[in-house]
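Reviewing the structure listed below.
The values are calculated or read from the model by the stated rules, or taken from the named source; none is laboratory data. Owing to the predicted nature of the structure, the values given are computational and were not obtained by experimental measurement. Please note: Cβ atoms are built from the backbone with ideal geometry, for glycine as well, and neighbour counts cover all protein chains shown. Keep in mind that these areas ignore ligands, DNA and RNA; they rest on the heavy atoms of the full protein, side chains included. Shrake-Rupley method; radii C 1.70, N 1.55, O 1.52, S 1.80 Å.
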Amino acid sequence: MAPGEKIKAKIKKNLPVKGPQAPTIKELMRWYCLNTNTHGCRRIVVSRGRLRRLLWILFTLTAVALIFWQCALLVLSFYTVSVSIKVHFQKLDFPAVTICNINPYKYSAVRPLLADLEQETRAALKTLYGFSETESRKRRQAEPWGSASGGTRPKFLNLIPLMIFSEGETSKATDFLTGRKRKVSGSIIHKTADVMHVQESKEVVGFQLCSNDTLSCAVYTFSSGVNAIQEWYKLHYMNIMAQVPLEKKINMSYSAEELLITCFFDGVSCDARNFTLFHHPMYGNCYTFNNKENETIHSTSMGGSEYGLQVILYINEEEYNPFLVSSTGAKVIVHRQDEYPFIEDVGTEIETAVATSIGMHLTESFKLGDPYSQCTEDGSDVPIKNIYNAAYSLQICLHSCFQMKMVERCGCAQYSQPLPPAASYCNYQQHPNWMYCYYELHQAFVREQLGCQSVCREACSFKEWTLTTSLAQWPSVVSEKWLLRVLTWDQGQQIKKKLNKTDLAKLLIFYKDLNQRSIMESPANSVEMLLSNFGGQLGLWMSCSIVCVIEIIEVFFIDSLSIIARRQWQKTKRWWAQRQAPSCPEAHPSHRGQDNPVLDIDDDLPTFTSALRLPPAPGAQVPGTPPPRYNTLRLERAFSNQLTDTQVPAES
């Protein structure tokens, strides 16, 4: 080995080697394994014997693989946006209760507006089913319109013609007006009946709706004539009532004093002043107890039927519209104070001559928003305008979306929902063929083709009351006489007749207990939990802490990259120096002793860094000192005369 290489090797051996100063990646890894806190890597270097070293390599790689596997599971669990649920109980206030009579308007008040429609409906029933006020309801063959109506020309049947279809025949139908068969074009949409028939019918009743150009038509058939007549009547009813001013409709409906006979809440008497008027297009005047417009929100002191809301309702069956509703009673819905009461969707019906007890349990839910779910806080981030004067809910969004689509495509609003700004309700005078547009739009809404279901989102917080209903006969036989007589006397100012038990209904709404169940979502994984899980896995499998992780990052990334960058920089410098050096013939090596680079050593002791800058020794040429001049070793003339005894005898 050349002297320069020996000095460099000795310096490397004696000087302490640190990460950034290591000359190669191999030396850096050796230094890391000797100085790291992860015992597996250290045991790989210091172990003696191939088998033991191989085992430690296997153990360390297995531990690293387990770490990556567990960390991958933790990351996947973190991004699955799962939630945990906490349930606790607390006291609560009494909810808002909205009560509506099933019959929206008093028949005596609204009958002049519906006189022509009622006449045609009765004539249609007589023609189709042989029905009249005095005759029996024996089914007979359809007869022409003239014999049933007395020769008057109908206007409602011209707008929506009724037809009779024979079983299995959809291309032809019997026209209700003429009694003759005609061809029917358009799609056939069949709706099942709500009434069960004992005998199967071979004929179905329906009506035809067409667009403005009369080229696109749809025929809606019903397996029961009850549903067909009611649906046909309801379409014309909405057309007529859409043109009546709101103030007039309120006057034609029931007042709070007429609907509510007695009222008790939490054992204290109440009256109509505790109820707020709410007019519904299809149910008339409804009244809400404990509404947000009240000064204070009522709360009950205890659970049980004695501490809830107790009311006796006057139904007044004689004022019912015989073609609009087919049952008697009232509807009630429990909701939040700032929530719109969808009485037509989720209302509970109350029977007459029956005491209905409704026990409540409240569940309040709080959901997490993005990224855990797609819920919304107040609906401000939903691109659907809230046309209801109430807090946001999924049902409000769906109804608002359908109503806005109705105004956009049909040019008018549907009568059973609130009126959007700058829009008017549909009627056949201003919009002759809106009914076809409405039915087509409703079919598209049911098939989720309007995009409302994909745009509307659930609210992040909502309250839900679980209702348990029980019924009892009321009033009893023994108390019926005196109770009805006293109630008649009490309502003498409002009711001008003797009360009958079929005109009354009793309602009790109460909390079974005063506990509220709250369902709250919280993230099952958080950043803190993710970091702690990472630390637990590293400590379990490699006895490594965050300091060890930093050490790994420093050595494997910072120091390794710096070494690679430094070596590349040195190569680039040498390449650039060789390119810039002038081309000249090589000089012959000098044999002078002072030209030996090995002997050119500073007085100070070298360091590791200076040792790395030593020039390499020539590979083929071994440096040396020129031989001495032997002629300088000859004796001077002063020693030329030798003594005789020292002379060497001459050879012979």
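Residues in segment 323-360 that are within 30 Å of Gln119 (Cα to Cα), open to solvent by less than 50 Å² (accessible area, probe 1.4 Å) and either assigned by the TED database to the domain that holds Gln119 or among the hydroxyl-bearing types (Ser, Thr, Tyr) (or both): Ser327, Thr328, Thr352. For segment 498-519, the set of residues classified as touching a His at 6+ places or on another chain (Cβ under 9 Å) and at pLDDT 85 or above consists of Tyr511, Lys512, listed by residue number. Taking the listed residues Lys249, Lys292, the one that is outside the structural domain of Ala115 (by the TED database) and at pLDDT below 85 is Lys292, with no other qualifying. The set of residues in segment 499-529 that are assigned to a strand (DSSP E or B), over 14 Å from Leu92 (Cβ atoms) and of a type in the set (S, T, N, Q) contains only Ser522.
Test Glu143 against the criterion of being outside the structural domain of Thr363 (by the TED database), at pLDDT 75 or above and out of contact with any strand residue (DSSP E or B) (no Cβ under 7 Å at 6 or more places or on another chain), and give yes or no. It is false that Glu143 is outside the structural domain of Thr363 (by the TED database), at pLDDT 75 or above and out of contact with any strand residue (DSSP E or B) (no Cβ under 7 Å at 6 or more places or on another chain). Within segment 432-465, the residues that satisfy the criterion of being in contact (Cβ under 8 Å) with a residue 60 or more places away in the chain and not in a helix (DSSP H, G or I) are Pro432, Asn433, Cys456, Arg457, Glu458, Ala459, Cys460, Ser461, Phe462, Lys463, Glu464, Trp465. Scanning segment 303-315 for residues that are touching an Asp or Glu at 6+ places or on another chain (Cβ under 8 Å) and open to solvent by 20 Å² or more (accessible area, probe 1.4 Å) returns Gly303, Tyr307. Restricted to helices (runs of 4 or more DSSP H) entirely inside segment 212-294, those with at least 1 residues that are open to solvent by 20 Å² or more (accessible area, probe 1.4 Å) and farther than 29 Å from Ala123 by Cβ are 246-252, 256-259. Considering Gln395, Gln403, Gln429, the condition of being open to solvent by 40 Å² or more (accessible area, probe 1.4 Å) and assigned to a helix (DSSP H, G or I) is satisfied by Gln395 alone.
The residue of segment 520-537 that is farthest from Lys463 (Cα to Cα), among those that are surrounded by 17 or more Cβ atoms within 10 Å (Cβ to Cβ) and either under 25 Å from the mean Cα position of the chain (by Cα) or modelled with pLDDT under 80 (or both), is Asn525. Part of a loop (DSSP other than H, G, I, E, B), modelled with pLDDT under 80 and either under 30 Å from Thr348 (Cβ atoms) or outside the structural domain of Val346 (by the TED database) (or both): is that true of Ile495 in this structure? Taking the combined requirement at face value, the residue satisfies it.
Only residues that are modelled with pLDDT under 70 and open to solvent by 60 Å² or more (accessible area, probe 1.4 Å) were counted in segment 541-581, giving 4. Being under 23 Å from Arg43 (Cβ atoms) and touching a His at 6+ places or on another chain (Cβ under 9 Å): is that true of Ser560 here? Considered against the rule, which asks whether it is under 23 Å from Arg43 (Cβ atoms) and touching a His at 6+ places or on another chain (Cβ under 9 Å), Ser560 comes out as no. On the stretch given as segment 22-72, residues that are surrounded by fewer than 12 Cβ atoms within 10 Å (Cβ to Cβ), farther than 23 Å from Phe557 by Cα and small (Gly, Ala, Ser) total 1.
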